[in-house]
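See structure below.
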Amino acid sequence: MRSRWAFAPFWLTYLFLYAPIAVLVVMSFNAADTPYTWGGFSTHWYGELASDTKIREGLVNTLIVATGSTVLATVLGTLLAVGMARYTRSKVLGALATLPAILPDLVLAIGLLAFYSAIQATLGLHSVLAAHTVFGMAFVATVVRTRLTHADLSLEEASRDLGAGAFTTFVRITLPGLMPGIVAGALLAFTLSIDEFVIAFFTAGPKDPTLPIVIYSMVRFGVTPEINALATVLLAVSFTAVILVQRVTRLTDSLR
Amino acid sequence: MRTTRRRRLRVEPLVLLGPGLAYLLVFLVVPLGLVLSYTVFQRGRFGGIVYEATAENFTRVADPLYLDVLLHSVKIAGITTLLALALGYPTAYVIAKLPAKWKTLALIAVVLPFWTNFLIRTYAWIVLLNSQGVVNSALGDLGLIDEPLQLLYTDGAIVIGLLYAYLPLMVLPLYSAIERLDPQLGEASANLGAGPVRTFLSVTLPLTLPGVLTGCVFVFVPSLGNFVIPELLGGGHSVMVGNLVRDQFLKARDWPFGSVLALTLIAVLVLLLMAQAWAARRFSGEGDRA
Amino acid sequence: MTLVSVRGVTRRFGEVTALDDVSLDIEQGEFFALLGPSGCGKTTLLRILAGFERPDSGEVLLDGADLLALPPHRRPVNLMFQSYALFPHLSVEKNIAYGLERERLAKAEIRERVAEVLETIGLGGAARRRPDQLSGGQRQRVALARAIVKRPRLLLLDEPLSALDKKVRAEMQLELKRLQHEVGITFVVVTHDQEEAMSLADRIAVLHGGGVEQVDPPVALYERPRTRFTADFVGANNLFHGTLRAQGVEVAGVGLLPCDVPADAALGTAVDLAVRPENIAFTDAGVLRGTVLDTSFYGGQSRVSIAVPGVAQPVEVTAAGASPVAQGAEVQLGWSPAHAVLLP
Amino acid sequence: MLRMSAVAVSAALALFSLAACGGGAADGKAEPDTLDPAADLSKQTLTLSNWAGYMPEDLPAKFKARTGAAVTITEHATNEEIIAKLTAGGDSGIDVAFVSGQFAQALGEQGLLEPVHADLVPNLKNLYPEATELAYDPGNKVSVPYTWGTTGLCYRKDLTGYEPDSWNDILTPRPALKKKITMLGTERWMLLPAQKALGFSANTQDEGELAKAKEALVKAKPNLLAFDDTTFGDRLKSGEAALVEAWDGWCPTTEKNIAFTVPKEGSDLWVDTMVVLKSSKNKEAAHALINYILDPEVHAWAAQNIMYKVPNQAAMESLDAALVKDYPHLGMSPADLLKQESLVDLGEAAPAYTRIVTEVTAQ
């Protein structure tokens, strides 16, 4: 591994990952309305993007779904992880709790479509939110469970020994100890929900498409430079978010 | 006192486990159960299900046509997985050996593209691979080609799109497997007379095999079930299992047959997970350093 | 006959100098120990011998040939790792056969030699087990077997006994010595434990701050330490700092402490005087007066700490049987000048 | 534990069934509701699902100004997508949907549509007489036509070097055009060229005929650049494609070298329609909207902006002659249009069509 050639795949990977993104960013400032030829610098497409109500509505819908499902998934996932660590060693339940995280999204999507259809449910943001909660919860539970295996059980025993009830102990001792795991799980659930397309495509109502669904219909109608601008904006937000997350995790870790 | 204690012991698990398991029951077990049960019923004229048992859906999936689609999907997903492994293993290896500061940066850089929208990442390749696209113009400008190459709407484009979408899912488990590997084992191997290649084959590779298989599951399974990339980058030239399932549910309105096709996805997942679990047991690195 | 010659080896890691111009020779067939506290450079030296580190300068010869020119996997040097570094995915016999397979020996010969060494270490029945199914002592034996089966010119052992509990440790200590005699391979053991070094080794090199303090057989090292560090590190010692006079060492505020002064000694220089606890006796006309701080009984012998005005550290005295004095008692201490070691 | 789950399940079921309503699973046509012609439309809010860019953007504002009813627009990309949503669960929340004729027929037969109350849509009188006798819904009982047209060949004269006039120009292209051809990928229109070239009905259910059509498509596929429903126009403009199967309104004939023609073997008549969902709670406003769209001035927008013919006589007659010159297909008369074969729902034969599409794309 000492030779220089050993690093070739490493650099190739990063080139492969970033070249397409770089092209999108550059092309987002292209004045021409075909995405292939350079027609001078312009922020025209950002203006188009800003005035695009479909994208704005899609973004709002996505944020509603991501926020709602993250809150729900975090609560359910955390309780489940703690409960499983304490009361069961069942492999079946453990597999069940992680299944949504590894199940192909398409399978979960058709299952939920079949389910909603069977109970004659109205499709809308709530049906996407409920669907995203399923896999969000699996990720939260998995992350919190990893954290739990490193947790010091004697802390809870000490709390009970000092006279705190089960609820107080859970809120004052167990939860703070798990906080980094919970935050990490919640962030994961939020991120995945924002990007999720397949399940949303199957379970969203026709009235409220999420952003990925809006993008899908745009992309299907061929290349429009507006998407380049959107990609650049999303990328900038992601960069900022990653930096923020880094700060936050460092903060919560230091609070430990 | 005694009675309240006993009651608490029964209420607590209920409060902790109840909501989550109930949610999973309603939104996971029941839906998957429905899909499973649909496989033996007939389609309704306008979609939906006619509850009359039939084995036809299963005999249909054995039709050479659908077997071809399955094999073709497995081939495409398999090539994608192998490429991801070929690119991901050395990358993960180098990252694992970087100094701590660069390591974090390199890892974030692998995951970051994941944070832009999946569809946009796929769209980027339309821009790149189009016959007027960046790749063709670059090759043309360099004088390497006279006519633009047909890059988009080929199986190759699908493989590249899938690889681009899922490569980070290969790098991450590989990284964690290599990172966990005791560097002294490599030294021990050298000390016992093994050159770098032999050490890699006899020690590093078997001990990171669980990570390799995890990465393969993470890449292979979603590649097999993906319908967006074949649609956008394959130009309808080629159908994968994911497209078939989607079409049965949203176009042909043949839910029972779509369920049978989805079952093949689940079967592949289960098989791969079993292989992974076997490798994790067989090549576990645990216990030695206890 | 010299097997290994280390000549002026220096190795720096950034600001830290791990080895500073180290030179020493290791004889063919001897059991050699590198002793020192953590950070003294002993592990770096070991890794240089094994080939995992390269010195910044200096040379290492094995049988008179340049050892540094060889990559790790081509050196006739084997190492028993501190963590044992057994391959967790291979059975005991596969672990042991690993090195032989690299020599492309015939299958039958490999099998024979593996069986032979398994017999030697008494693990014939565990051949097909995996490392995680073995006890700590068994793993240590496998690690040893894996190294010696290669019949190296030089066997390196990195803290071989540190991971074992006390009882197994004593057993293994004997076992290691027996093996070394049996196979006739040169052993170099690295350890921070002076008892381990003294019980195992024919000769010990004491390392400190990247340099060699002293190389001697165990008894010489114990009885005649040549530096303050060696005196303090090897065994318990009472150290007094003072000025050299014709009759002994004069310590300010305490008086003249007796010792044999060589004829060519430079009188009037600052020196240290080391006296072992077991060489100090309670007398009526001692050179030191103090108060007993504490006594502890170790079964067979007792350790007594005495506060002596003018001496910073309490003076330690070992007495046979139960302590002859009680806490708070005023006592006087003395020793024969021959038992006091002068340190420059 | 079990009891908890049972509670949660029933709670979830209750939640969804509360939201669920209407839809009626029963087959067969729905009875018309009684509608109040004097209903206060300002109390009704409509949700309408349409293809992107298929109606004027200021329509909701103008309609609200005229009638007081608010309109929210949502979009679907394909017929299949909106049908899947409309048939999947309970109330989709959609009042008015734009779907192609054969899909309107299927929805109607499933009982999901409110019959058209002609008394609430006086502007129906603006329709060509030909537009009231369409095969998928004779008499416009459950649907009202919005646009209609046909499918044909759209090509670059400078790249083809000749004037194609047959479906065979796509199915067995001249060597120079290989890999410069696209076909529509949606079921009915993928089969159409083969069906027509072989002289079959576009609605054929004959297994032998379908097998032959499939064979022709399999042979044609290696010469195709792609199956493309959406970007074929751009591809012609960029020169990536030279000859494509296209819907008449989507052929960019303003470009100087691009022309459209209906092949000599004939083609289809497709109609995009407006339907009112049975589950709608705003049916009076829904009818008012359809009536508003049938206003010649409003309806002409589609012809002027998306270049589709509209079945509205007054609207078509109001078109600028220059526009019709740029888009010659706009001049096609309803009588000529009706010579093409109207697409109808395939009913039980639908899976056979899906299968052919799957087989062709999978080859």
Each residue of A:120-129 has, on average, a number of other protein chain C-beta atoms within 10 Å of its C-beta equal to 6
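Show me C:116-128, D:140-152, C:62-74, B:31-43 ranked by packing, highest mean number of other Cβ atoms within 10 Å first. Numbers along the way, then the final one.
On the way: C:116-128: 16.2, D:140-152: 24.1, C:62-74: 14.2, B:31-43: 19.6.
Packing order, densest peptide first, comes out as D:140-152, B:31-43, C:116-128, C:62-74.
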Please report, as a whole percent, how much of the solvent-accessible surface of the range A:44-133 comes from carbon and sulfur atoms (probe radius 1.4 Å).
-> 67 percent
Specify the angular offset, from 0 to 90 degrees and rounded to the nearest 10, of the alpha carbon long axis of helix D:187-197 from the longest principal axis of the alpha carbons in chain D.
-> 40 degrees
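Per residue, how much accessible area does the range C:130-228 show when a 1.4 Å probe rolls over the protein heavy atoms, in square angstrom?
Accessible surface, normalised per residue, equals 41 Å².
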With the contact rule set at Cα under 8 Å and sequence spacing of 6 or more, what percent relative contact order holds for chain C?
-> 16 percent
How high is the relative contact order of the range B:66-289, in percent, counting Cα pairs under 8 Å that sit 6 or more residues apart?
-> 26 percent
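Just from its helices, what would the mean residue ellipticity at 222 nm be for chain C, if runs of 4 or more DSSP H residues each count -39500 (n - 2.57) and the sum is divided by every residue, rounded to the nearest 500 deg cm²/dmol? Let's see the in-between values first.
Numbers: 8 runs with 84 residues, N = 344.
The per-residue figure over chain C is -7500 deg cm²/dmol.
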How much of the accessible area of the range B:66-289, in percent, comes from carbon and sulfur atoms when a 1.4 Å probe is used?
-> 70 percent
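For chain B, what is the accessible area per residue in Å², given a 1.4 Å probe and the full set of protein chains?
Values: 11550 Å² over 290 residues.
With the other protein chains kept in place, chain B gives 40 Å² per residue.
Which order do the peptides C:253-263, D:62-72 come out in when sorted by mean C-beta neighbours inside 10 angstrom, highest first?
Numbers: C:253-263: 14.5, D:62-72: 17.2.
Going from most to least packed, we get D:62-72, C:253-263.
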Between C:Q327 and A:A95, what is the label-to-label distance in nm when each label sits 7 Å out along the Cα-to-Cβ direction?
-> 6.4 nm
Using a simple spin-label model with points 7 Å from Cα along the Cα→Cβ vector, what separation in nm is obtained for C:F297 and B:L205?
-> 6.6 nm
List, in the order given, every pair from C:K42/C:K150; D:K125/D:K196; B:K75/B:K103 whose Cα-Cα distance in the structure shown is over 30 Å.
-> D:K125/D:K196; B:K75/B:K103
What is the interface area between chains B and D, defined as buried accessible area summed over both chains with a 1.4 Å probe, reported in Å² to the nearest 100?
-> 3000 Å²
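Per residue, how much accessible area does chain D show when a 1.4 Å probe rolls over the protein heavy atoms, in square angstrom? Intermediate values should be presented prior to the final figure.
Working: 13960 Å² over 363 residues.
With the other protein chains kept in place, chain D gives 38 Å² per residue.
Rounded to the nearest 100 Å², what is the buried accessible area between B and C, both sides summed, probe 1.4 Å?
Values: alone 17710 and 16450 Å², together 31890 Å².
The buried area between B and C, both sides summed, comes to about 2300 Å².
If you count, for every residue in D:220-233, the Cβ atoms of partner chains within 10 Å of its Cβ, what is the mean? Display every interim value, and only then the final one.
On the way: counts 0, 2, 1, 0, 4, 6, 7, 6, 4, 3, 5, 5, 1, 1.
Mean number of neighbouring Cβ atoms from other chains: 3.
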Could you state the number of Å between the C-alpha centres of the range B:178-252 and the range D:318-363?
-> 46 Å
Tell me the label-point distance for the pair B:K101, A:V71, using the 7 Å Cα-to-Cβ offset, in nm and rounded to one decimal.
-> 4.2 nm
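Compute the FRET efficiency between A:V248 and A:F7 as 1/(1 + (r/R0)^6), taking r as their Cβ-Cβ distance and R0 = 25 Å, and round to the nearest 0.05. Intermediate values should be presented prior to the final figure.
Numbers: r = 33 Å, r/R0 = 1.31.
Calculated transfer efficiency: 0.15.
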Separation of alpha-carbon centers, the range C:1-51 and the range C:266-313, rounded to whole Å = 35 Å
Alpha-carbon centroid distance for the pair the range D:230-293 / the range D:143-198, whole angstrom | 15 Å
Remind me, relative contact order of the range C:202-331 in percent, using alpha carbon pairs under 8 angstrom and six or more residues apart?
-> 17 percent
Looking at the range B:254-276, which residues lose a minimum of 10 Å² of accessible area between their chain alone and all protein chains in place, measuring with a 1.4 Å probe and not counting ligands or nucleic acids?
-> B:W255, B:A262, B:L265, B:I266, B:L269, B:L273
Residue-averaged [θ]222 nm for chain B, counting only DSSP H segments that reach four residues, each worth -39500 (n - 2.57) | -23500 deg cm²/dmol
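Roll a 1.4 angstrom probe over the protein heavy atoms and tell me the percent of accessible area of the range C:1-106 that is carbon or sulfur.
Numbers: 1920 of 4150 Å².
Taking all protein chains in place, the range C:1-106 shows 46 percent carbon and sulfur surface.
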Checked the range C:236-343 against the a/c 1.5 cut and the a/b vs b/c comparison, axes a ≥ b ≥ c from its Cα gyration tensor; verdict prolate
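For the interface of chains D and A, what total accessible area is buried with a 1.4 Å probe, rounded to the nearest 100 Å²?
By this definition, chains D and A bury close to 2000 Å².
The values are calculated or read from the model by the stated rules, or taken from the named source; none is laboratory data. None of the values given here were measured: they were computed from a predicted structure. Ideal geometry is used to build each Cβ from the backbone, glycine not excepted, and the neighbour counts take in all protein chains shown. Ligands, DNA and RNA are excluded from the accessible area calculation, which covers all protein heavy atoms including side chains. Shrake-Rupley method; radii C 1.70, N 1.55, O 1.52, S 1.80 Å.
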